[in-house]
Amino acid sequence: MKGWKNPILLVLGIGVSNIGNWIYFVAINLLVLKLTGSAAAIAGLFIIRPLAILFTNTWAGSVIDRVNKRRLMVYIDILRGILIAIIPFFNSIVPIYIIMFLTNIAGAFFGPTSETYITKLVPPEKRKRFNSIFSFATSGAMLVGPSVSGVLIMYGSINTSIYINAVTFFFCALAIFFLPDVDEKLSSEKVRERITMKTIAEDWKAVISFGKTATGFMIIFLMFQFITLISFSLDSQEVTFIQQVIGLSEKNYGLLVSLTGAGYVAGSLAVSALANRLSIRMLLGMGSFLSVTGYLMFYLASPQTIPLAVVGFIIIGFFSPFSFTGYATFFQNNVPVDLMGRFSSSFAFFQAMVQILLTLLLGYIAEVVTLQTVTVAFSAIGLLLAAALMSLIFLQSKKDLFILEAENNLTEEG
């Protein structure tokens, strides 16, 4: 446990916050469905986040790389907790969408900031193990959150679940407050560079320059991101597919999400135990391919083949931690820490645009043909991309594949 006190505290804080997010995820979907009765309104929930990223991430990275990371994360979590806490005071969809937009703007800062903070806090030889533990905390949240939300809604109300989410943000802020300051030199600087349009333009040039010099990394990075975006677009139709195609109730939907969480916990335990024995290429390549296979199985299901949907959900949950651990370690080892906030934010901007387009395209095609036809097609495309990614990772030589350079530079813990 030597040297693990601070990483574990960080995992605890963000992990509790993630539990709250899953409690909130179930609650907000049911709240919007109750207020509108519209599947399109629920799909709109999945577009709010990328819209917030589009609004923010052209300049967020310039802020993140120039401010104190720990302090910024504390402020963000306090703000998100306050915003979430006032949602139950509204009975109209418009103010709820506005609050969610503001919350996601704050979240657009938190993600890249936490990535940079983690990279500075956790030494290279501990990153793969840390990422596997972090994945386990995420999986626990996925399992516990919906279950807790179901109990709260059954014996309390949707609003109770939302208030619980607000409290978890405050808890996360408190945990991060007690972590060390990894930006002591930065925080002691009396003169801060002003963030102007010229500064932002120069930051974008720095990101582009890095991308040109790290071709192998960029190919793997972009392929993985596109697979992830296809998965996100499929997630936007999950509730509608379960209720309208498979014909399951709200309670059974919560049960399916819990099964995914159970699979995620099992996968996280497996990857935590095997982290030092599995290569980054195995984690990233095989994990991505098998998790997308789960999506295809789920969307091939019907009222007569409900077990296929269950198995698909479990597979998604089990192999997602493998791909997450592989990708996170790969990213941390290859992107310069002083550029990480700008890099993450810059590409999040483009990812948001693609996510909006894919989500709208999927929804539109579903109106023209059938929901199952389009979701199966998207899943198949994702699986083909995952197969191409896996082939690229395993077939390229050590000389050509940037991912292996990062792996060879590490001395893993025995």
Residue identified as among the hydroxyl-bearing types (S, T, Y), open to solvent by less than 10 Å² (accessible area, probe 1.4 Å) and within 19 Å of the chain's Cα centre (by Cα) among S344, S288, S320: S288
Residue check for W59: more than 30 Å from N91 (Cα to Cα), open to solvent by 40 Å² or more (accessible area, probe 1.4 Å) and not basic (K, R): yes
Considering residues of the range 30-50 that are within 13 Å of S233 (Cα to Cα) and not hydrophobic (A, V, I, L, M, F, W, C) only, the residue most open to solvent (accessible area, probe 1.4 Å): R49
Residue within the range 388-395 that is open to solvent by less than 20 Å² (accessible area, probe 1.4 Å), in contact with a Gly (Cβ under 6 Å, 6 or more places away or on another chain), modelled with pLDDT of 80 or more and part of a helix (DSSP H, G or I) present: yes
Test set (1) within 30 Å of R66 (Cα to Cα); (2) more than 17 Å from the chain's Cα centre (by Cα); (3) open to solvent by less than 20 Å² (accessible area, probe 1.4 Å) - T375 fails condition number: (1)
Check on F349, without any contact (Cβ under 8 Å) to a residue 60 or more places away in the chain, open to solvent by 20 Å² or more (accessible area, probe 1.4 Å) and either part of a loop (DSSP other than H, G, I, E, B) or over 17 Å from L296 (Cβ atoms) (or both): no
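Rundown of residues vs (1) closer than 30 Å to L255 by Cα; (2) at pLDDT 85 or above; (3) surrounded by fewer than 17 Cβ atoms within 10 Å (Cβ to Cβ), yes/no style:
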{"residue": "V144", "(1), (2), (3)": "yes, no, no"}
{"residue": "M154", "(1), (2), (3)": "yes, no, yes"}
{"residue": "A175", "(1), (2), (3)": "no, yes, no"}
{"residue": "S236", "(1), (2), (3)": "yes, no, no"}
Unmet requirement for M297, which otherwise passes all of (1) free of Cβ contacts under 8 Å to residues at least 24 places away in the same chain; (2) out of contact with any Leu (no Cβ under 9 Å at 6 or more places or on another chain): (2)
Subset of the range 88-113 that is touching a residue at least 60 places away in the same chain (Cβ under 8 Å) and in contact with a Leu (Cβ under 8 Å, 6 or more places away or on another chain) - its residue that is farthest from I47 (Cα to Cα): T113
Positions within the range 344-378 being modelled with pLDDT of 80 or more and of a type in the set (F, W, Y), in sequence order: F347, F350, Y364, F378
Unique match (being more than 18 Å from L54 (Cβ to Cβ) and in contact with a Phe, Trp or Tyr (Cβ under 8 Å, 6 or more places away or on another chain)) among I86, I78: I78
Count - residues of the range 211-224 that are open to solvent by less than 30 Å² (accessible area, probe 1.4 Å) and of a type in the set (A, V, I, L, M, F, W, C): 6
Candidate set from the range 329-340 (those that are within 12 Å of F221 (Cβ to Cβ) and hydrophobic (A, V, I, L, M, F, W, C)); member that is surrounded by the most Cβ atoms within 10 Å (Cβ to Cβ): F330
Selection count, the range 1-10, where residues are in contact (Cβ under 8 Å) with a residue 40 or more places away in the chain and surrounded by fewer than 22 Cβ atoms within 10 Å (Cβ to Cβ): 6
Answer from R71, R80 - the residue that is at pLDDT 80 or above, open to solvent by 50 Å² or more (accessible area, probe 1.4 Å) and under 30 Å from D338 (Cβ atoms): R71
Residue that is modelled with the lowest pLDDT [pool: residues in the range 282-313 that are among the polar types (S, T, N, Q) and not in a helix (DSSP H, G or I)]: Q304
Members of the range 60-85 that are in a loop (DSSP other than H, G, I, E, B) and in contact with a Ser or Thr (Cβ under 8 Å, 6 or more places away or on another chain): D65, N68
Pairs with Cβ under 9 Å, 6+ apart, first in the range 162-173 and assigned to a helix (DSSP H, G or I), second open to solvent by 10 Å² or more (accessible area, probe 1.4 Å) and hydroxyl-bearing (S, T, Y): I162/Y24; I164/Y24; N165/Y24; A166/Y24; T168/Y24; A173/Y75
Test: residue in the range 116-123 that is open to solvent by 10 Å² or more (accessible area, probe 1.4 Å) and aliphatic (A, V, I, L, M): yes
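Quick grid of which residues meet (1) more than 20 Å from the chain's Cα centre (by Cα); (2) in contact (Cβ under 8 Å) with a residue 40 or more places away in the chain; (3) closer than 19 Å to G145 by Cα:
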| site | (1), (2), (3) |
| --- | --- |
| I14 | no, yes, yes |
| S17 | no, yes, yes |
| N21 | no, yes, yes |
| V32 | yes, yes, yes |
| L35 | yes, yes, no |
| G44 | no, yes, no |
| A52 | no, yes, no |
| N68 | yes, yes, no |
| R80 | no, yes, yes |
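The values are calculated or read from the model by the stated rules, or taken from the named source; none is laboratory data. Every value quoted in this text rests on a predicted model; they were computed, and no experiment measured them. Don't worry about glycine lacking a Cβ; one is built from the backbone with ideal geometry, like all the others, and counts go over all protein chains shown. Just so you know, the surface numbers come from the protein's heavy atoms only, side chains and all, with ligands and any DNA or RNA stripped out. Shrake-Rupley method; radii C 1.70, N 1.55, O 1.52, S 1.80 Å.
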